[in-house]
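Student: First the structure, then my questions, so here it is.
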Amino acid sequence: MTTCSRRNFVSGVGALILTTGTIVSLKAQGESEKQEKPKRYAMVHDESVCIGCTACMEACRETNQVPEGVSRLEIIRSGPIGEFPNQEYEFFRQSCQHCTNAPCVAVCPTGASYIDPTTGIVDVNRDLCVGCQYCVAVCPYRVRFIHPVHKTADKCNFCRDTNLAKGKQPACVEACPTKALTFGDMNDSNSAVARKVRENPVYRTKVQLGTEPNLYHIPFGKGEHR
Amino acid sequence: MNSVLKKFAKLSAVFGVMLFATTVQAEQAKTEAKQESPVASFEQKLDNVRDPNHYCAQCHNLDVAKDQAVGTNHAGKFHGVHLTKENPATGKPITCVSCHGNISENHRKGVKDVMRFDGDIFSDEKPMYTAEEQNQVCFSCHRPKDLREKFWAHDVHAMKLPCASCHTLHPEKEAMKEIKTKERVKLCVDCHGEQRKRKEAAQQMTTEQKDKQ
């Protein structure tokens with residue numbers, strides 16, 4: 001006859017909890033390793049091959065139903081450099097940088113501006129946005145605007161709700177005739193975008209602000225770059 | 001008697017007025033004639049001054065239906081603003097030979113004396129004149145500064161691409177006149193897209209050749 005004293009019972013249960021607990025925690029660790037890493041979508045604009053045709057701007061406008069007068073994406077032309085007939089122009093892409101540390105998200109009073117945790121895309125929830133324009137004012141890249149139809153803040157979202165949802169590349173990337181735009185996951189070291197960033201001289205703008213932007217540029221190579 | 005005299009006086013007065021009027025008219029007509037043909041510029045419109053485009057147009061038919069036209073160069077109608085403009089260098093109207101150069105009879109046999117504007121850069125046939133040779137004809141009147149003001153892309157294509165690749169001078173409506181942004185972008189995309197495809201294909205070929213070796 002074994003007597004189950006209170007002392008034996010408590011120590012037994014304690015040991016049981018201890019062992020099962022560690023097993024559970026071990027199991028959890030194993031699972032997290034199998035889980036996919038969250039994506040960090042980024043884009044590279046190769047200024048050395050961009051021809052400034054603005055096909056990207058047109059495609060964006062059409063795909064995302066952006067009205068005339070405002071734009072999510074702009075190609076800024078500067079130049080010419082050199083003498084006729086050997087002149088060149090430089091083209092700079094101005095659009096949302098999808099900052100990892102986004103000021104627009106930090107200032108939003110309603111939580112309408114947010115970073116999608118699975119993709120790293122900075123997006124706006126139209127139902128929550130009240131149009132206060134804090135984000136428009138705070139964005140150091142000057143890429144936000146108030147949508148004339150929806151009266152809410154709007155900007156590039158890498159076609160998250162349009163082309164990406166259909167499993168396609170963003171409209172601008174698809175439209176580019178010289179393949180100057182590369183889009184993909186920076187967390188995947190084998191992705192085209194990660195390779196582009198690794199194998200080319202790249203720069204990002206206003207890194208000193210600590211915004212951690214995700215729009216990379218391959219410099220034009222002539223004159224002073226931004 | 002008095003009444004007869006009065007009548008005569010009236011009649012003579014009317015005659016006098018009429019005579020005066022005719023002389024005045026004649027005077028006016030003279031002055032008008034003087035204004036029409038001032039002595040300083042002696043310009044006679046003679047029938048024996050032949051229309052310089054006439055000779056070309058005998059074969060390269062103006063305003064003929066396309067199915068009647070012979071050969072690729074003879075197709076279609078010749079329109080366009082150039083036929084109404086003057087050559088800024090000479091002040092004379094622009095004719096066929098202003099742009100197409102000194103043409104001999106042998107141009108029918110393909111002699112390289114007539115300027116042939118060929119805009120198809122993806123053609124397998126090598127054009128008779130390079131883009132630079134072709135464009136120099138255009139640049140003799142069209143200044144780079146004016147072209148840039150019109151559209152920046154003139155600068156980057158200046159001597160690399162024939163003007164005729166985008167511009168069409170002889171159809172009724174010039175293709176680039178008042179072109180919509182979307183159509184213009186499509187031109188860039190089509191041409192540069194094709195270029196990239198060919199480049200990639202060429203690279204593919206060279207790598208395959210290297211693999212074989």
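Student: Measure off 7 Å from each Cα along the Cα-to-Cβ vector at A:VAL107 and B:TRP152, then give the distance between these two points in nanometres to one decimal.
Tutor: 2.9 nm
Student: Taking the Cα centre as origin and putting +1 on Lys and Arg beta-carbons and -1 on Asp and Glu beta-carbons, what dipole magnitude results for the range A:41-218, to the nearest 20 debye?
Tutor: The calculated dipole for the range A:41-218 is roughly 260 debye.
Student: Which of the three applies to the range B:54-174, rounded, prolate or oblate, going by the alpha-carbon gyration tensor with a ≥ b ≥ c and a/c under 1.5 meaning rounded?
Tutor: Prolate is the answer for the range B:54-174, as a/c is 1.5 or above and a/b outweighs b/c.
Student: Once each part is reduced to its C-alpha centroid, what is the distance from the range A:49-103 to the range A:194-226 in angstrom?
Tutor: 15 Å
Student: Could you please report the charge total around A:THR152, scoring K, R as +1 and D, E as -1 over all other residues with beta-carbon less than 11 angstrom from its beta-carbon?
Tutor: Working: positive: A:ARG126, A:ARG144, A:LYS151, A:LYS155; negative: A:ASP127, A:ASP154.
After counting each charged neighbour, the total is +2.
Student: Quick check: net charge around A:THR100, other residues with Cβ under 9 Å of its Cβ, Lys/Arg +1 and Asp/Glu -1?
Tutor: 0
Student: Would you please give the FRET efficiency between A:LEU209 and B:ARG196, computed as 1/(1 + (r/R0)^6) with r the Cβ-Cβ distance and R0 = 45 Å, to the nearest 0.05?
Tutor: Efficiency computed from Cβ-Cβ geometry: 0.80.
Student: Follow-up question, since we're still on this one. Size of the dipole of the range A:72-156 about the Cα centre, Lys and Arg at +1 and Asp and Glu at -1 on the beta carbon, nothing else charged, in debye to 20?
Tutor: Approximately 280 debye in magnitude.
Student: Here is a further query. What 222 nm value per residue comes from the helices of chain A, counting each DSSP H run with n ≥ 4 as -39,500 (n - 2.57) and dividing by all residues, nearest 500 deg cm²/dmol? Spell out each step's value before the answer.
Tutor: On the way: 6 runs with 61 residues, N = 226.
Helix contribution divided over all residues of chain A: -8000 deg cm²/dmol.
Student: Next question. For a Förster distance of 41 Å, can you work out the FRET efficiency between the beta-carbons of B:THR90 and A:ILE81, rounded to the nearest 0.05?
Tutor: 0.70
Student: Follow-up. For B:LYS145 and B:SER104 in one chain, what is 0.36 nm times their gap in residues minus the Cα-Cα distance, to one decimal in nm?
Tutor: 11.3 nm
Student: Can you tell me which of A:87-99, B:179-191 comes out highest on packing, and rank the rest after it, using the mean Cβ neighbours within 10 Å?
Tutor: In descending order of packing, they fall as A:87-99, B:179-191.
Student: Once the Cβ-Cβ distance between A:VAL13 and A:THR118 is put in as r, and R0 is 56 Å, what FRET efficiency do you end up with, to the nearest 0.05?
Tutor: It comes out at approximately 0.90.
Student: Next question, about the same structure. Short version: what are the Cα gyration tensor semi-axes of the range B:109-213, square root of 5 times each eigenvalue, largest first, in whole Å?
Tutor: 29, 20, 13
Student: Set the bar at 32 Å for Cα to Cα. Now go through A:LYS166/B:LYS177; A:LYS179/A:LYS222; A:LYS222/B:LYS150; B:LYS150/B:LYS197; A:LYS222/B:LYS212 and name every pair that lies beyond it.
Tutor: A:LYS166/B:LYS177; A:LYS222/B:LYS212
Student: Could I ask something else about it? For a test of the definition: using alpha carbon positions, the gyration tensor, and the 1.5 limit on a/c, classify chain A as rounded, prolate or oblate.
Tutor: Values: a/c = 3.07, a/b = 2.14, b/c = 1.44.
Prolate, because a/c is 1.5 or more and a/b exceeds b/c.
Student: Going through the DSSP H helices of chain A, which span 24 Å or more along their own axis at the Cα atoms while scoring at least 0.0 as a mean Kyte-Doolittle hydropathy? Display every interim value, and only then the final one.
Tutor: On the way: long enough: A:6-34 (42 Å, 0.09).
Helix filter hits for chain A: A:6-34.
Student: Just check the range A:74-124 against the gyration tensor rule for me: Cα atoms, a ≥ b ≥ c as the square roots of the eigenvalues, rounded for a/c under 1.5, and otherwise prolate or oblate depending on whether a/b exceeds b/c.
Tutor: prolate
Student: Fewest to most neighbouring Cβ within 10 Å: what's the order for A:VAL44, A:VAL130?
Tutor: With the fewest neighbours first, A:VAL44, A:VAL130 line up as A:VAL130, A:VAL44.
No value in this document is a laboratory result; all are computed from the given coordinates. Since this is a predicted model, take the numbers as computed values, not measurements. So basically every Cβ, Gly included, is an ideal-geometry build from the backbone, and we count neighbours across all protein chains shown.
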